[in-house]
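Visitor: Pasting a structure here, questions to come.
The values are calculated or read from the model by the stated rules, or taken from the named source; none is laboratory data. The structure presented is a predicted model; accordingly, all values stated were derived computationally and were not measured. Heads up, the Cβs are rebuilt from the backbone with ideal geometry, glycines too, and the neighbour counts pull from every protein chain shown. These area figures cover heavy atoms from the full protein model, side chains too; ligands, DNA and RNA do not enter into them. Shrake-Rupley method; radii C 1.70, N 1.55, O 1.52, S 1.80 Å.
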Amino acid sequence: MKPNQQNRPNTNVPGYELTNSFLRLSELKQRVQMLTKPNSSPRALWRYPFVLAFAGLLLMCTQVEKEIDQAVNNREKVDQSLKLTQIKGEIFTVVEKQPEFPGGMDGLSKYLQENLRYPAAAQRANVQGRVFMSFVVTQDGGIADAKVLKGIGFGCDEEAIRVTSRMPKWKPGSQDGKPLNVRYVLPIAFELEPEALKQQAK
């Protein structure tokens, strides 16, 4: 071994292995720019409430669409159940003795008060009015072919069909003592209570 050979530096080691990536100027410049970046302007902050309000409006619209779809599905189910009731024989509109609900008109009013549910969509929109229903009271007192002659929408028409289709058997109409199929028209009123109107006005 030659003298002073051990004190000589190893020239075979590549120079790049003695450096590290933390000293790269481009990355250091990027970090400085991020730290010195100004905060959002006050005008930009005003946009957030509008974005939140718009998102809330979209959520409400989605909920209304769901309620409408549910009302349509309920109506289809009711229509299918009503189709199962067969009407045998001729249908009359004027007979000697008209069909009668059990308990008369008082019994019918009580039934509607206890079973009629005000649709949520109609409450929110403050919709009131009458739905005119047409249905056939069959020879045995059953209800068939229920349909809306004049509706007010917002789920009230579907609710009127539901309540009508679930009515108990009527006393059938008759002519000369013979029971007949008679078409009957019934107005069903949807009226909001005064307290509910006050709450919606607030």
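Visitor: Hey, among the residues in the range 178-188 that are surrounded by 12 or more Cβ atoms within 10 Å (Cβ to Cβ) and within 33 Å of the chain's Cα centre (by Cα), which one's nearest to T138 (Cα to Cα)? Lay out the reasoning, then the answer.
Guide: Of all residues in the range 178-188, those surrounded by 12 or more Cβ atoms within 10 Å (Cβ to Cβ) come to 179-184, 186-188.
Cutting the leftovers down to within 33 Å of the chain's Cα centre (by Cα) gives us 183-184, 186-188.
On the way: R183: 8, Y184: 10, L186: 15, P187: 19, I188: 20 Å.
Out of the qualifying residues, it is R183.
Visitor: Restricting the range 127-137 to residues that are outside any loop (DSSP other than H, G, I, E, B) and open to solvent by 40 Å² or more (accessible area, probe 1.4 Å), which is farthest from E96 (Cα to Cα)?
Guide: The extreme case among them is R130.
Visitor: Just to be sure before I move on: is I152 in contact with a helix residue (DSSP H, G or I) (Cβ under 9 Å, 6 or more places away or on another chain), touching a residue at least 24 places away in the same chain (Cβ under 8 Å) and closer than 20 Å to G107 by Cβ in the structure I sent?
Guide: No, not satisfied.
Visitor: Q175 - would you say it is among the polar types (S, T, N, Q) and open to solvent by 80 Å² or more (accessible area, probe 1.4 Å)? Before you say what the answer is, go through the steps one by one.
Guide: Details: among the polar types (S, T, N, Q): yes; open to solvent by 80 Å² or more (accessible area, probe 1.4 Å): no.
It is false that Q175 is among the polar types (S, T, N, Q) and open to solvent by 80 Å² or more (accessible area, probe 1.4 Å).
Results for (1) at pLDDT 95 or above; (2) in a loop (DSSP other than H, G, I, E, B); (3) open to solvent by less than 10 Å² (accessible area, probe 1.4 Å); (4) over 16 Å from E191 (Cα atoms), shown as yes or no for each residue.
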{"site": "G107", "(1), (2), (3), (4)": "yes, no, no, yes"}
{"site": "E114", "(1), (2), (3), (4)": "yes, no, no, no"}
{"site": "Q139", "(1), (2), (3), (4)": "yes, yes, no, yes"}
{"site": "A144", "(1), (2), (3), (4)": "yes, no, yes, yes"}
{"site": "K147", "(1), (2), (3), (4)": "yes, no, no, yes"}
{"site": "D157", "(1), (2), (3), (4)": "yes, no, no, no"}
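Visitor: Additional query: Only one of (1) open to solvent by less than 20 Å² (accessible area, probe 1.4 Å); (2) under 26 Å from Q86 (Cβ atoms); (3) not hydroxyl-bearing (S, T, Y) is not met by A122, so which one is it?
Guide: (2)
Visitor: Restricting to the range 166-184, give me the number of residues that are free of Cβ contacts under 8 Å to residues at least 40 places away in the same chain and either within 24 Å of V148 (Cβ to Cβ) or part of a strand (DSSP E or B) (or both).
Guide: Initially, the range 166-184 is screened for residues free of Cβ contacts under 8 Å to residues at least 40 places away in the same chain, giving 177-178.
Applying the additional criterion that residues be either within 24 Å of V148 (Cβ to Cβ) or part of a strand (DSSP E or B) (or both) yields 178.
Final tally of qualifying residues: 1.
Visitor: Kindly indicate whether K88 is open to solvent by 100 Å² or more (accessible area, probe 1.4 Å) and at pLDDT 65 or above.
Guide: Numbers: open to solvent by 100 Å² or more (accessible area, probe 1.4 Å): yes; at pLDDT 65 or above: yes.
It is true that K88 is open to solvent by 100 Å² or more (accessible area, probe 1.4 Å) and at pLDDT 65 or above.
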